[in-house]
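Chemist: Let me give you the structure first, and then I'll get to my questions.
The values are calculated or read from the model by the stated rules, or taken from the named source; none is laboratory data. Values in this document were obtained by computation on a predicted structure and should not be read as measured data. Positions of Cβ are backbone-derived with ideal geometry, glycine not excepted, and every protein chain shown enters the neighbour counts. What goes into the accessible areas is simple: the full protein's heavy atoms, side chains included, and nothing from ligands, DNA or RNA. Shrake-Rupley method; radii C 1.70, N 1.55, O 1.52, S 1.80 Å.
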Amino acid sequence: MQVGTATLENSVEVPKKLKIELPYDPAIFLYVARNAKDCMVSYYHFQRMNQILPDPGTWEEYFETFISGKVAWGSWYDHVKGWWDIKDRYQVLFLFYEDIKRDPKREIQKVMQFMGKNLDETVLDKIVQETSFEKMKENPMTNRSTVPKSILDQSISPFMRKGTVGDWKNHFTVAQNERFDEIYRQKMEGTSINFFTEL
């Protein structure tokens, strides 16, 4: 697989932890979490169009893969809970995708405050406009339209598909939704994190 100018061979072992030297200390992190149901749908369509990743199979097969945490990037539950657990010990601004969709200006203001920056209303409004899903979907720098079809086949699914909250309702059966809710309760037990699955 080609990454930037480096080539990764199949024989290369990837470390479980990667130490990154950052040009500033202490490091700050922005973490954006999306509800698990919409994440599953988004991941499914991304994996369908991504020619580097294994074929996700049918929706029913992928549903099982996702809830068992056997996707290429690991368990959604472990990832989100891990960042939630460290957000108060390190400089982590934990944001929710659903909040960004509901009130992007307020969430951008949170980022600016977290970074110790002040922006006037004109600049803030421009950021809100330029970072809207609709605007980014049209921008080749963010929609990945310049990536070769041999890597991201956007005739299967666009890289930036819908960007909505609640699209899971167009994919989950009633039985899948009930099963997912029970698994979610078990895996997220003991955490205070609260997601919205519709607006």
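Chemist: Could you list all residues from the stretch 175-199 that are among the β-branched types (Val, Ile, Thr) and more than 13 Å from residue 37 (Cβ to Cβ)? Show your work before the answer.
Modeler: Going residue by residue through the stretch 175-199, those that are among the β-branched types (Val, Ile, Thr) are 183, 191, 193, 197.
Across the stretch 175-199, the qualifying residues are 191, 193.
Chemist: Pull up the stretch 40-68, narrow it to residues that are open to solvent by 30 Å² or more (accessible area, probe 1.4 Å) and among the small types (Gly, Ala, Ser), then point me to the one that is farthest from residue 187 (Cα to Cα). Reasoning before the result, please.
Modeler: Quick first cut of the stretch 40-68, residues open to solvent by 30 Å² or more (accessible area, probe 1.4 Å) only: 42-43, 46, 48, 51-55, 58, 60-61, 64-65, 68.
Subsequent filtering for residues that are among the small types (Gly, Ala, Ser) retains 42, 68.
Details: 42: 20, 68: 11 Å.
Only one residue fits best here, namely 42.
Chemist: Let me spell it out: the conditions are (1) open to solvent by 20 Å² or more (accessible area, probe 1.4 Å); (2) in contact with a Phe, Trp or Tyr (Cβ under 7 Å, 6 or more places away or on another chain); (3) hydrophobic (A, V, I, L, M, F, W, C); (4) assigned to a loop (DSSP other than H, G, I, E, B), and residue 71 meets all of them except one. Which number is the exception?
Modeler: Result: residue 71 fails condition (1) only.
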